[in-house]
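Structure first, then comments.
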Amino acid sequence: MGYSESTGGRKAVFNPIADDGNEYKFCSTCAFGSVCVGHGVDKIGLTELHCLVEHAGPFRTGDAIFRHGDRFSAVYAVRAGTVKTSQVDREGRELILGFHLPGELIGLNAIHTEIYPCDAIALETVEVCRFSFPALATLATRIPQIQKELFRRLSKDIGDASQRIQESTADERLAAFILNLCARYEARGFAANALRLSMPRSDIANYLGLAAETVSRVLRRFQDSGLLVVEGREVSLKNPAGLREVARNILPD
Amino acid sequence: MENRAALVAPQFDRELIARYDVNAPRYTSYPTALHFRDDFSEADLFDCIRASNDDPIPRDLSTYIHVPFCLSPCFYCGCARIITHDKRKADTYLTRLYREIEQVAARFDRDRRLVQLHFGGGTPNFLNITQMLELIESLGRHFSFSRDAGREFGIELDPRFCDGDYARQVAEAGINRVSIGVQDFDPAVQQAVNRIQSVEETADVMQGARKGGVRSINLDLIYGLPKQTPEGFARTLEQVIALKPDRIAAYGYAHLPERFKAQRQIDKYDLPDATTRLTLLQSCVSMLTAAGYVHIGVDHFALPGDDLAQALVNGTLQRNFQGYSTHAACDLIGFGMSAISRIARGFSQNAKDLPGYYMALDNGRLPVARGRLLSEDDLLRSDLIQQLMCGGVLDIPSFEARHPVEFAHYFRQSLARLQPLVDDGLVTCSSQRIETTARGQLLLRNIAQCFDAYIEGSDNRYSRAV
């Protein structure tokens, strides 16, 4: 049906799946990439770490990577796509805990209870790396960099949670949310001033404690004042400094 | 969107236009409705609606409401309609229509503004004024009507079956655009197409609409009808210009009796020949241009002060099922028999017959019959064709900024198809820009067709381009 044209001419798309890595190097977005790249883990250690990684997925939109109450057996690193973690209260209301981008870890909050305390749901097509936890813990006792990385990520999770300030305005929350996502994408080597919001606006609203229409109203206002442009799910920052100014009260220094 | 280099008057080159008078889609949608599929279901429609609510800033909404009944058959008609004198059929239909509106509207988030509303047919004024006002009121309860003056709330009115007072009342209920079918005032033509309508009846409805506050009135003309002559049509054009409509649409009649039963009433020997057809179109373009109308694109003309002409200059013009519009891309919800929706990435079409439409709703289902989910390639081409149909200009760097493709490579086959049109001087093409020339203004459909991925093997199913 005349589709032959579409086989060529495509530019690299945003949020691609990471390369697969090899025994010397992890995937470019890997959660543990910094362990080997930054700290020079010896080849044997790296090979061992590689051995306990399994690629899992693809998960489709709405699929669970794990469910609340499942027995904790592994932590996962997102390779591609976005994952949301959420809890459901007794009345059936969902509370979104966070959104997890390529290179980020999920499941760390289960170490303590040995049961996953939340659902992890794919918001689009998602691929993950599964790190069997007992094996990872054993390896961590032998490779200090891995232990250090785990502690670093655990403490960062705690820090992120305390950042959700209740008294902030809708403008502040949204500006901080977008800047935070941009910074996380940038840290993984993606463009600093553009992002794709793969979560539905109702999820953004839920996470920020706002009404869905407020999310849109504030974004429209940001757009009208030249801070950013929203097209479908794509957001491009036109004035990041201005956005930081809006969020200054709740951004970390 | 691209600013049109002011308003280029179309240049009429008979030889060229005759040569390009081939079958081409009108591109009120891409892909066209011919490519909808039977495997599109109600569940797919619900997914599309959900996805449309999920955008960070969901699109504004537009609705089309189809009233399929007509009191008398016009022989040229290719619309989905039912001829009846039984006015009770309106109530039977409205019961189901209300059910459909209620079920669909509930799935759209309430903060989404309805900026466009259009009643088409059939004959919307088959509904009496009480029924019509109630329908408008009910839509206002189910959707958040925009209060912006720029909203486009339109209705098609048949002056043979309503008066100025009907037009005034719908205008007072919020309708600000009226479209009236004229086709031709020549009595011989009117007889041949079974549509007898006087200038006075038409003027009366226009006057009522204006009194009620309607911003923009459109008159429809058709060239290529049986018994049409250049002299008679020129007289019609004079009469139409004297009525001072804000917009004029001049459609070419497509004689497809094997597809449209009503057209079998037309004696093909009464149809003007190709040369006469060209003369009719030529007088249309030259007389309307001389009277100060701006060519918007394909078959549409508007006075320079009208919103459409303004949108063309500002580069905000949009193509939709009704022709052209001034609103940025909306999610379009079609209600009623045969109506088409375009929501998020999907097209959905309702059952094309009354029993099918009624049966689904009576069984608690929506009357989705066909549709299509758009691929990445469809979305790219739909954007491109939209740009070309709305101003005739495509800025390649900004297209590449919106889509992840290298234009010259991705569209290499389309560009090869475009080359003969470039050679003929219809369009210029550089690495930065594709731009229609004055010679190409009347052949936008042919230019857009070069970028249509579905065109091979689909000859002769579309109306002629000119």
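Points to keep in mind about this one:
- Solvent-accessible surface ranking, highest first, for B:Cys330, B:Cys429 at 1.4 angstrom: B:Cys429, B:Cys330
- Counting heavy atoms of the protein chains alone, A:Ser202 has an accessible area of about 60 Å² for a 1.4 Å probe.
- As a rough guide to protection, the peptides B:270-282, A:101-113 ranked by mean Cβ packing within 10 Å, highest first, stand as A:101-113, B:270-282.
- Accessible surface, 1.4 Å probe, highest first, among residues B:Asp267, B:Asp378: B:Asp267, B:Asp378
- Amide H partners (placed H, <5 Å) of A:Ala80, local residues excluded: A:Glu127
- Pairwise centroid distance, computed over Cα atoms, of the stretch A:180-253 with the stretch B:331-389, Å: 32
- Rounded percent of accessible protein surface that carbon and sulfur make up, chain B, 1.4 Å probe: 50
- Interchain or long-range residues, amide H under 5 Å from A:Ala194's placed H: A:Leu237
- Other protein chain Cβ atoms within 10 Å, averaged over every residue that makes up B:415-428: 0
- Under 9 Å, Cβ to Cβ, from B:Pro124 - net charge with Lys/Arg +1 and Asp/Glu -1: -2
- Cβ-defined net charge surrounding B:Ala171, 15 Å radius [Lys, Arg +1; Asp, Glu -1]: -2
- The stretch B:191-230 - charge dipole about Cα centre, Lys and Arg +1 at Cβ, Asp and Glu -1, debye rounded to 20: 120
- When the Cα positions of B:Ala274, B:Phe321, B:Ser348 are compared along the charge dipole of the stretch B:271-349, B:Ser348 comes out farthest toward the positive end, with charges on each C-beta of Lys, Arg, Asp and Glu.
- Projecting the Cα positions of B:Gln419, B:Gly164, B:Gly150 onto the charge dipole of the protein assembly as shown (unit charges on Cβ atoms of Lys, Arg, Asp and Glu, taken about the Cα centre) puts B:Gly150 furthest along the positive direction.
- Pairwise centroid distance, computed over Cα atoms, of the stretch B:12-62 with the stretch B:67-98, Å: 25
- Whole-angstrom gap from the stretch B:261-322 to the stretch B:164-180, using each part's C-alpha centre: 24
- Additional length obtainable on full extension of the chain from B:Ser198 to B:Glu15, 0.36 nm per residue less Cα span: 62.3 nm
- For B:Asp186, the accessible surface of its heavy atoms amounts to roughly 20 Å² (probe 1.4 Å, protein chains only, rounded to the nearest 10).
- Calculated log₁₀ intensity ratio I(q)/I(0) where the Debye formula runs over C-alpha points of the stretch B:305-425, q = 0.12, 0.15, 0.19 Å⁻¹: -0.62, -0.86, -1.10
- In terms of accessible area, using a 1.4 Å probe and ignoring ligands and nucleic acids, A:Glu234, B:Glu156 rank largest first as A:Glu234, B:Glu156.
- B:Arg37 accessible area, assembled protein chains, probe 1.4 Å, Å²: 120
- For the stretch B:55-78, the residues whose backbone nitrogen is under 20 Å from a point 7 Å from the Cα of B:Asp267, taken along Cα to Cβ, are B:73-77.
- Label-point gap, in nm, between A:Ala135 and B:Asp91 - each point 7 angstrom along Cα→Cβ: 7.4
- Electrostatic bookkeeping for A:Ala122 treats Lys and Arg as +1 and Asp and Glu as -1; over the other residues with beta carbon under 11 Å from its beta carbon, the sum is -2.
- For the residues of B:56-64, the average number of beta carbons from a partner chain within 10 Å of their own beta carbon is 4.
- Other-chain or far-sequence residues with amide H under 5 Å of B:Leu114's (modelled H): B:Leu61, B:Ser144, B:Phe145, B:Ser146
- Helices in chain B, meaning DSSP H runs of at least 4 residues, each add -39500 (n - 2.57). Divided by all residues, the mean residue ellipticity at 222 nm is -11000 deg cm²/dmol.
- Label-reachable residues, the stretch A:190-223, where backbone N falls under 19 Å from a point 7 Å from A:Glu167's Cα toward its Cβ: A:209-210
- Signed unit charges on C-beta, dipole axis of the protein assembly as shown, positive-most listed residue B:Ile136, A:Asn109, B:Tyr30: A:Asn109
- Label-to-label distance, B:Leu133 versus A:His112, with points set 7 angstrom from Cα along the beta-carbon direction: 6.6 nm.
- Computed 3J(HN,Hα) for the stretch A:179-187, one whole-Hz value per residue from the Karplus formula 6.51 cos²θ - 1.76 cosθ + 1.60 where θ = phi - 60°, is 4, 4, 4, 4, 4, 5, 5, 4, 4, glycine and proline marked x.
- Accessible area per residue, Å², the stretch B:226-347 with all protein chains present, probe 1.4 Å: 38
- Modelled FRET efficiency - R0 60 Å, B:Thr84 with A:Arg217, Cβ distances, 0.05 increments: 0.80
The values are calculated or read from the model by the stated rules, or taken from the named source; none is laboratory data. Quick caveat: nothing in here was measured; it's all calculated off a predicted structure. For neighbour counting, all protein chains shown are included, and Cβ atoms are generated from backbone atoms with ideal geometry for every residue, glycine included. What goes into the accessible areas is simple: the full protein's heavy atoms, side chains included, and nothing from ligands, DNA or RNA. Shrake-Rupley method; radii C 1.70, N 1.55, O 1.52, S 1.80 Å.
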